[in-house]
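First up is the structure itself, then whatever we jot down about it.
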Amino acid sequence: MFLALWSVKGGSGVTATAIGLAVRHAAEGEQVLLVDLCGDLPAALGLAEPAVGISEWIAADAETSALRRLEVATSVPAVRLLPLGSAEETADVHRRALFASALAEERRTVVVDVGNLHAHPARGGLREAVIADADRSLLVTRACYLSMRRVVRHDHAPDGVVVVREHGRALDAGDIERLIGAPVVAQIDIDPAVARLVDAGLLVNRAPRTFTKPLGRVA
Ligand SMILES: Nc1ncnc2c1ncn2[C@@H]1O[C@H](COP(=O)(O)OP(=O)(O)OP(=O)(O)O)[C@@H](O)[C@H]1O
Ligand SMILES: [Mg+2]
């Protein structure tokens, strides 16, 4: 299973949700590759910033087998990270497509933190290539009307929506499904304990069940 998670607004919860999904699949006995197209995953996983990653691989002419050597272990043995790296983005359409097809051919569960579609326009081509090849393209959003309007106007129609719920929001799952035209596959309640674990880089080790359980229906 190859899942691509994205948002249309910064701070929606994509990175936290990607980690939650990785933890959930690992708990079910799967090997998981977490892929970072956004740059926040090393910090959120409590890891040092890797020196090289996906962007260096795209800028070079390395084989797809070389991607394995860029992977970093996390504190959960079944979860490995493919970091973004820090090379300037290149406009090489062929390399982007090759990268996306390498993820599609993975035997492990692949969870990609695609990030905010409106951030870093130079990375837009890579994001689109990855979303196009994913089995499931998933929007992560707060139950926020202004975010919904952006999705409706945006080209990408998700296959499913993960809603990160603040207390007291007026929009419910039915409203969101009607606005976006895709099913709500998970609803996660905002939990200050989750925010603290993200800040401490410990979510992958200590994700509460109240956070990972609703993610069971996503794949
Ligand atoms: N379920 C949750 N409960 C509480 N806080 C959360 C939850 N999910 C995310 N957060 C917090 O909200 C903030 C944004 O989350 P996160 O970094 O996952 O969003 P993002 O969509 O990846 O943001 P960015 O656009 O910056 O990449 C973080 O401080 C995080 O700890
Ligand atoms: Mg993020």
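Read the figures in this text as sums done on the coordinates, not as results from a lab. Keep in mind it's a predicted model, so treat the numbers as computed, not measured. With ideal geometry, Cβ positions are generated from the backbone for all residues, glycine too; neighbour counts draw on all protein chains shown.
A few remarks follow.
- Distance between the modelled labels on ALA87 and GLU63, one decimal in nanometres: 1.7 nm (7 Å Cα→Cβ projection).
- For LYS213, LYS9, order by how many other beta-carbon atoms lie within 10 Å, fewest first: LYS213, LYS9
- Between ALA195 and SER75, the C-beta separation translates, for a Förster distance of 22 Å, into a calculated FRET efficiency of about 0.70.
- Bridge orientation summary for region 1-134: considering DSSP beta bridges with both residues in this region, about 10 percent are antiparallel.
- Counting all C-alpha pairs of the chain, share separated by more than 30 Å (%): 18 percent
- A simple spin-label model places the labels of ALA97 and GLU30 2.8 nm from each other, with each point 7 Å out along Cα-to-Cβ.
- Net charge of the neighbourhood of PRO42, taken over other residues with C-beta under 9 Å away and scored Lys/Arg +1, Asp/Glu -1, is -3.
- The HN-Hα couplings worked out from phi for region 181-196 by the Karplus form 6.51 cos²θ - 1.76 cosθ + 1.60 (θ = phi - 60°) are x, 9, x, 7, 9, 7, 10, 10, 7, 4, 9, x, 5, 5, 4, 5 Hz, whole numbers, x standing for Gly and Pro.
- Taking a Cβ cut-off of under 13 Å around ALA193, the surrounding Lys, Arg, Asp and Glu residues balance to a net charge of 0, with basic ones at +1 and acidic ones at -1.
- Neighbours of ALA59, meaning other residues whose beta-carbon lies under 10 angstrom from its beta-carbon, give a summed charge of -4 when Lys and Arg score +1 and Asp and Glu score -1.
- Loop-resident sites, region 53-157, for GluC sites (Glu not before Pro), counting at most 12 other Cβ within 10 Å (DSSP): GLU63, GLU88, GLU105
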